[in-house]
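The values are calculated or read from the model by the stated rules, or taken from the named source; none is laboratory data. Not measured: the values here are computed from a predicted model. FYI the Cβ positions are ideal-geometry reconstructions off the backbone, even for glycines, and counts take in every protein chain you see.
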Amino acid sequence: MFRILITILSFFFVLLCNAQIPHGAWRDHFSFNDGRFVSKGNGKIYCASSMGLFTYDLSNAEIDKLTKVNGLSDVGISSLVYLDGANILAVGYESGNIDLVYPDRIQNIVDIKEKSLSGSKAINGFLFHQDKIYVSTDFGIVVVDPLKIEIKDTYFLGQGGGNLKVNNVVVFGNRFWAATEEGLFNASVSDPLLVSYERWTKISSFSNPNAECVGVTSSSDVLFAVEKQEGVADIVWLFNGTTWQEMDRPFLEIKNINAGANKLIVTSNLGVATYSLSGLKGPTISAYSFVYLFKPNSSIQIDEDRIAIADGELGLVIGTTTSQFYSRPQGPANNLSFSIAVNKERVVVVSGAYDATFSNFWNAFTVHGFKNEQWVDYQNWGFHDAVVAEFNPMDPSSYFVGSWGSGVFQFSDNEMVNRFNPENSSLQSIFPNAPFCRISGLAFDTKGNLWVSNAMVANPISVRKTDGTWISFPYATAINADKISTLRFSPYGSLWLVLPRGEGLFALHPGSNIDSKDDDKYRKVKPYDRDGNVFNIDINTLAFDNDGYLWLGTSQGVLLSYNPERVFDSGFYFQKIKIPDVIAGLAVYLLETEVVTTITVDGGNRKWFGTAKSGVFLFNSDGTKELLHFTAENSPLPSNSILDIKLHPVSGEVFIATEKGLVSYRGDSTEPSQKFGKVYSYPNPVPPGYSGKISIVGLVNNTIVKITDISGNLVYETKSEGGMATWDGKSLKGNKVGTGVYLVFCSDETGSDSAVTKILFIK
């Protein structure tokens, strides 16, 4: 019994260390620093960022997050309100989508998103009144029945019944008050003809009745509204039910106002001002007590003394007017992700960028490092646009980052230890008298030399040798392209460089002596078929698979060369991959209608393709069978625009960088071992009610896996994808197996190497 207990505990340890999410599951890696909206209800503070929301429990300070991965339907939150009367958290999105978060479920309403309507459909606010939810949108007010989950009415307040942006709606004095981009409107709550724009009256008491009303809020006795002023401080108005009076002009560009139990809170980037409900000004927060960062977007009253602030840099800030603290889920500093690098120890994501014209985005130089389930960021506002990262294979703690303008940076354990530019290396600047050094690619050769592609200069390829010295290669004339991109080494020792804008590829074999150009072989080539016909397409990326074949991601799908080692000979060519029997009678080629932006090969030699508009595809090893297709519509992907994909070699987790943020998916393939090492499975023990797949890892490529019961009866058999095999916990007859110990026998294809492990099922 003691031995069994020790085994079970060891399995649990393996599970905790190596299987953060089960096979087939997703997780987000979003930043919650950009707090946008805040609300309160049910003993919690709710704070929304662009990619999701989190809750802060006022009783115990616990934080929980809610994103597209675990229940929300969308990203790009544009409104968040807890509706006390309905016990519903209402979440609105820029797309027009709505999620109603009940205590026991989330109800999605897609009617506005799918409505055929010109212009923006963004959701700006919610009001619960008399069993209906009044939704403020960029085109009007939509009335929703939360019980039937259906739209009852739409009020278009614009002239002639046209679209008019409504910022929010409240009820005061038995009337609806709508803050719009063309002033403040009101109408009787009991009016049955509110669908007619003529039933809504514009308030004429403002200094400019046609100016945008930023927001409106009310207590039991008074109504407050904000009139936007161009170039000067906005005006806060007070209405006592009879007369309007100008109350204050506290800030430029007021973002929102919120009336609490005994306070009015006015929020701007410049400060958070408090007032009594009679209009007397109280303390103003113009800076936080604990940090220099200050970017409030929305504020509410928590209790008599405390307020909660959604801050664009800190997430959620809680405290009094004199003392505050911040709280948010753990995550990267921002949601910008352009390129990913992965080794066994960590994931590195860089958040710079350049556009289709190769112009800078001018993002702050930012590197996100993920290790031991924690994100640690390096940010330097003196530099910009980190665009590529590469681990040093000789030192797993060391990696290099290339920037689009600031050269190459060397890191050790997330600490920047060196920077290379034209002043201390062979790298060159695009300007004659300024060190503006654009780096597009990094790659290590088998000897540990770092190769660098340096765009738009006379010597576009540089090498940092293992002794720390630099040399460069003067092949600009041969390359004949201003813009250069992805850099990769082939299994045959050649360096390959993508030349965008239809320029093709450049291949270089540096010979045995890296310091000599005399034995170099190089060639610029456009992709052509067996007959010499050129494919007139743009190449975006390239990858070599486990068989040494060269795959190209292009503006019109995928090209494949089975003989890239012959690039310097006459027999080198590419071909399209025909998908058999997809549409009868038609020749259909692999992803021919897609712009393929990135290609990654997993341990089973399967191909992960990222696209510009259609999400992520997984195909089998030869590209003839689609295995998975993830989109923003059928998965937690935040966007269908994919920038990069990388796989963790040990866990099989697939990290996906999109234009809106980073997510990961637990795949079923890992990098295979050369020999069986520590073979184990997870989850193990398999808990009662578990319906997912069990992963068996630590395998060699194409491992034959046979699973038996304790008596030796065959229960299941399969073959590994790279270093991982999976089992759904069912027998060969399709029945769930019962409680007990199951033996897992693993052998390589020749039967010369083997391993055994155990799986315990508990019901």
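So the values come out like this:
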quantity	calculated
Check on E313, of a type in the set (D, E, K, R), under 20 Å from the mean Cα position of the chain (by Cα) and part of a loop (DSSP other than H, G, I, E, B)	yes
Subset tally (residues that are aliphatic (A, V, I, L, M), buried (at least 22 other Cβ atoms within 10 Å of the Cβ) and part of a loop (DSSP other than H, G, I, E, B)) for segment 73-86	1
Hits in segment 347-362 (condition: part of a loop (DSSP other than H, G, I, E, B), free of Cβ contacts under 8 Å to residues at least 60 places away in the same chain and surrounded by fewer than 22 Cβ atoms within 10 Å (Cβ to Cβ))	A353, D355, A356, T357, S359, F361, W362
Cβ-Cβ under 8 Å pairs, at least 6 apart or on other chains, segment 169-193 side closer than 15 Å to Y155 by Cβ, far side in a loop (DSSP other than H, G, I, E, B) and of a type in the set (S, T, N, Q)	E182/N210; S188/N174; V189/Q130; V189/N174; S190/N174
Segment 513-529: number of residues that are hydroxyl-bearing (S, T, Y), surrounded by fewer than 18 Cβ atoms within 10 Å (Cβ to Cβ) and either in contact (Cβ under 8 Å) with a residue 60 or more places away in the chain or closer than 21 Å to V452 by Cβ (or both)	1
Segment 201-225 - residue that is touching a Lys or Arg at 6+ places or on another chain (Cβ under 9 Å) and not in a loop (DSSP other than H, G, I, E, B) and, of those, farthest from K263 (Cα to Cα)	C213
Residues located in segment 412-445, provided they are of a type in the set (F, W, Y) and touching a residue at least 40 places away in the same chain (Cβ under 8 Å)	F420, F444
Strands (runs of 3 or more DSSP E) contained entirely in segment 386-502, each with at least 2 residues that are polar (S, T, N, Q) and closer than 28 Å to G369 by Cα	398-405, 408-412, 450-454
Check on R488, within 32 Å of the chain's Cα centre (by Cα) and at pLDDT below 90	no
Subset of segment 441-473 (residues that are among the hydroxyl-bearing types (S, T, Y) and surrounded by fewer than 18 Cβ atoms within 10 Å (Cβ to Cβ))	T446, T466, T469
Boolean, P329 is more than 18 Å from L252 (Cα to Cα) and within 31 Å of the chain's Cα centre (by Cα)	yes
Of all residues in segment 632-661 being more than 29 Å from N701 (Cα to Cα) and of a type in the set (A, V, I, L, M), the one that is surrounded by the fewest Cβ atoms within 10 Å (Cβ to Cβ)	A632
Residue check, T284 polar (S, T, N, Q), part of a strand (DSSP E or B) and under 30 Å from D413 (Cβ atoms)	no
Residue within segment 191-200 that is over 43 Å from the mean Cα position of the chain (by Cα) and within 15 Å of G162 (Cα to Cα) present	yes
Residue in segment 718-747 that is nearest to R606 (Cα to Cα), counting only those that are more than 36 Å from the chain's Cα centre (by Cα) and in contact (Cβ under 8 Å) with a residue 60 or more places away in the chain	C746
Qualifying residue in segment 440-454 (condition: closer than 24 Å to L550 by Cβ, out of contact with any Cys (no Cβ under 6 Å at 6 or more places or on another chain) and of a type in the set (V, I, T))	yes
Any hit, segment 116-129, residues being modelled with pLDDT of 95 or more and over 35 Å from the mean Cα position of the chain (by Cα)	yes
